[in-house]
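Read the figures in this text as sums done on the coordinates, not as results from a lab. Remember, predicted model here, so these are calculated numbers, not experimental data. Glycine also receives a Cβ, built like all others from the backbone with ideal geometry; neighbour counts cover every protein chain displayed.
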Amino acid sequence: MEVLVLLIPVSLGLGLLGLGAFWWTLRNRQYDDPDGDAHRILRDDYDDQPKG
């Protein structure tokens, strides 16, 4: 049970670090691709058929 005194703060710290990294990526617009889907659907070389 003494190990929980160490593991709980470490796990909370890692969780907060991951959350901070996620918020950083959101602020820096890492997930924005406004033109990507529009251009991808119009491409002629796109083929969703399985290779065979």
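Return the calculated 222 nm mean residue ellipticity for the chain, to the nearest 500 deg cm²/dmol, obtained by summing -39500 (n - 2.57) across DSSP H runs with n ≥ 4 and dividing by the residue count.
-19500 deg cm²/dmol
Using Cα atoms only, what is the angle between the long axis of helix 4-27 and the major principal axis of the chain, expressed in degrees (0 to 90) to the nearest 10?
30 degrees
Residue farthest toward the positive end of the dipole of the range 1-43, with Cβ of Lys/Arg at +1 and Asp/Glu at -1: which of Tyr31, Leu4, Leu42?
Leu42
So how strong a dipole does the chain carry about its Cα centre when Lys and Arg Cβ are +1 and Asp and Glu Cβ are -1, to the nearest 20 debye?
280 debye
What residue among Leu14, Leu26, Leu42 shows peak mean-square fluctuation when the chain is described by a Gaussian network model with Cα springs under 10 Å?
Maximum among the listed residues: Leu42.
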